[in-house]
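Down below is the structure, laid out as structure tokens.
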Amino acid sequence: MTETELRQDPVAAADVRPPLATKGLAVIAAVAAGVLLFSVSRYDYFGDELYFLAAGRHPAFGYADQGPVLPLLARLMDLIAPGSFFVLRLPVVLLTVVAIVLTAGIARELGGGRAAQLGAAIAYATSPFLLLQGKMLTTNAVDTVLWVIITWLVVRWVRTRRDGLLLCAALVTAVDMQVKWLIPFFWIGVALTSLVFGPRELVRRPLLWLGAAIVLLVSVPMLLWQAEHDWPQLAMGEVISGEQGILGGRAMFVPLAVLTAGYLGAVVLLYGVWALLRNPSLRPYRFLGATLLVLVAIFLVIGGRIYYVAGMFGVVLAAGAVGLAELASGWRDTPRRLLTGAGAVLALAATMFVLWSTPWRPASEISPPADDAEATINIGVYGEFGWHELADEVRRVADELPPAERAGAVIITDTYWQSSALDQLARDELPPIYSPSRGYGYFGTPPDAAPVVLAVAMNEAFLRWDFEHVTPVGKVNSRLGYPGNTQDVVIWKCSGQRHPWSQVWPALMHL
């Protein structure tokens, strides 16, 4: 199409973009998919995955700590392939590969050629966090990808001004609201920064507000559930803020958040912020760089987790790749070769670190956690072990109960991971399972008339206060596992309850 024809057809002009680096992207996507498929086949269920499966068997419009999307997805995958943690994880593998490709697509929307597109995709794919969070079905893995999709749609709108893209972004937002409650912070940041830096018409588009109405309408059932249960998801914020202390709290938030992008990604990410704020060619997208800074400030104040800003990494990595390619094109041959060589070395180092971070070691070669801090830092590893040992021991204890006691017995666990593991691995062979922990506490209250309670890892002082007879009858201490869940776990047989569960349970429930 000639320049004259482009001027006469502004829609066609808006579609003029650099060629898509199809072959290179296909290779990167295939390698990333291969790494993920290998990773999802290793070890066992992660504790949160067990919880999603249990929640899927208790369908509701809302849950204490999340929306209904992941429980429904987990339930669907378990119906397709019962008991397969490999099949359970396939949707998040696909979503993660989509995020890699869309990051390159954002670079293309920003005007980046093949080098910038491939650089953006490699930067995303070589981040151990961004890539390997896709080896387990978790809320942050799905939420991050949905943010990448939304930012891609927003960037396309800036370039084309096709308002249907904003409606699509709102529809994805409606889905994301059923996963985590982080995406409203993104739109708050976009609204503020677009008014300051432009394009100011973004917040005046009718289809954007129509989409906002759809998001609110879709969220009403979940909000009603939260209101009925005294807004437990808001209370989760205090819990999460307290958990961040082990990683250095607010003082380490920014450094650790940057490091989640990986060796190469950290460099590209930092340059991406600079490029969005300073590069003339990226001036229309400056508000997105400012949005990242607004989000960092918000999550610093409220004590969010370091990966809460990761959803913005796709667009910022794309901007960084475009900016670095633009920088290199203006240099002479020798400096350009040095920059390219440095990039290649970083990419190689980042790739090797990702491969090292995959679960390639057999379980026999993994050392148990030295302490609770190490277990917490490596929760993604240790949280996948010990569940079958736990189920086997609880099953053994339950089978040894006299028939009269077994008939009315219940099981109560200290953590929602434990109850979820028993529910997934042995629910048909065990008495009814309860836990006051996190979202599991809302699934039901134990009956007041239970003659025997098998208490898994419950506080001994509480048990002796509430029961006349408390006897240890089992022990779980898997070599690999998470302390308090599958390590150093005592199973107690309790009878002669002094206070009915209907009175005790509300006070016992905790997030």
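The values are calculated or read from the model by the stated rules, or taken from the named source; none is laboratory data. Treat the numbers as computed from the prediction; the structure is a model and nothing was measured. All Cβ positions, even for glycine, are placed from backbone atoms using ideal geometry, and neighbour counts span all protein chains on display. Just so you know, the surface numbers come from the protein's heavy atoms only, side chains and all, with ligands and any DNA or RNA stripped out. Shrake-Rupley method; radii C 1.70, N 1.55, O 1.52, S 1.80 Å.
Rounded to the nearest whole Hz, the Karplus-based 3J(HN,Hα) values (6.51 cos²θ - 1.76 cosθ + 1.60, θ = phi - 60°) of the range 341-347 follow the sequence x, 4, x, 5, 5, 4, 5, with x at glycine and proline.
Annotation: lysines with alpha-carbon distance below 25 angstrom to Lys135 (same-chain offsets under eight excluded): Lys23, Lys180.
Taking the highest mean first, how do the peptides 88-101, 17-30 order by number of other beta carbon atoms within 10 angstrom per residue? Before the final figure, lay out each step's value.
Working: 88-101: 21.6, 17-30: 15.1.
Ranked from most to least packed, the peptides come out as 88-101, 17-30.
In the range 203-350, carbon and sulfur make up what percent of the accessible area (probe 1.4 Å)? Show your work: numbers first, answer last.
Details: 5110 of 7200 Å².
Whole-percent figure for carbon plus sulfur exposure: 71.
Put simply, when 212-219, 307-314 are sorted by average Cβ atoms within 10 angstrom per residue, most first, you get 307-314, 212-219. In the range 47-181, what percent of the accessible surface is made up of carbon and sulfur (1.4 Å probe, ligands and nucleic acids excluded)? That fraction is 74 percent.
Any idea of the accessible area per residue across the range 334-398, 1.4 Å probe, to the nearest Å²? Intermediate results must be reported in sequence, preceding the final value.
Details: 3550 Å² over 65 residues.
Computed with neighbouring chains in place, this is 55 Å² per residue.
Amide H to amide H, with H built 1.01 Å from N, Val473 comes under 5 Å of Ile491, Trp492, Lys493, counting only residues 5 or more places away or on other chains.
Can you spot the lysines whose alpha carbon is less than 18 Å from Lys493's alpha carbon? Ignore those fewer than 8 places along the same chain. Filter leaves Lys475.
Size descriptor for the range 90-150, Kirkwood hydrodynamic radius: 11.5 Å (Cα pairs only, one decimal). Mean sequence separation of contacting Cα pairs (under 8 Å, at least six apart), scaled by the length of the range 365-511, corresponds to a relative contact order of 28 percent.
Find how much the distance from Ala26 to Asp399 grows on full extension, using 0.36 nm per residue of separation minus their present alpha carbon separation; answer in nm with one decimal. Write down the numbers at each step before the final one.
Details: separation 373, 0.36 × 373 = 134.28 nm, distance 5.35 nm.
128.9 nm is the gain from fully extending Ala26 to Asp399.
Percent of alpha carbon pairs in the range 380-508 separated by more than 21 Å? Value for the range 380-508 (Cα pairs over 21 Å): 33 percent.
Please compute the length gained on full extension between Trp356 and Arg204, using 0.36 nm multiplied by the number of residues separating them and subtracting their Cα-Cα distance.
Stretched fully, the Trp356-Arg204 segment lengthens by 49.9 nm.
Take the convex hull of the alpha carbons in the chain; its mean projected area over all directions comes to 25.9 nm². Between Thr340 and Arg498, the contour length at 0.36 nm per residue exceeds the Cα-Cα span by 49.6 nm.
Rounded to the nearest 5, what is the percent of antiparallel bridges among the DSSP beta bridges in the chain? Present the calculation step by step, with values, prior to reporting the outcome.
On the way: 13 of 21 bridges.
Around 60 percent antiparallel, to the nearest 5.
Its Cα gyration tensor gives the range 370-444 an equivalent ellipsoid. The semi-axes, each the square root of 5 times an eigenvalue, are 26, 15, 10 Å from largest down.
Could you tell me which of rounded, prolate or oblate describes the range 320-380, using a ≥ b ≥ c as the square roots of the eigenvalues of the alpha-carbon gyration tensor, with rounded for a/c under 1.5 and, failing that, prolate when a/b is larger than b/c and oblate otherwise?
Working: a/c = 4.73, a/b = 3.10, b/c = 1.53.
Cα axes put the range 320-380 in the prolate bin.
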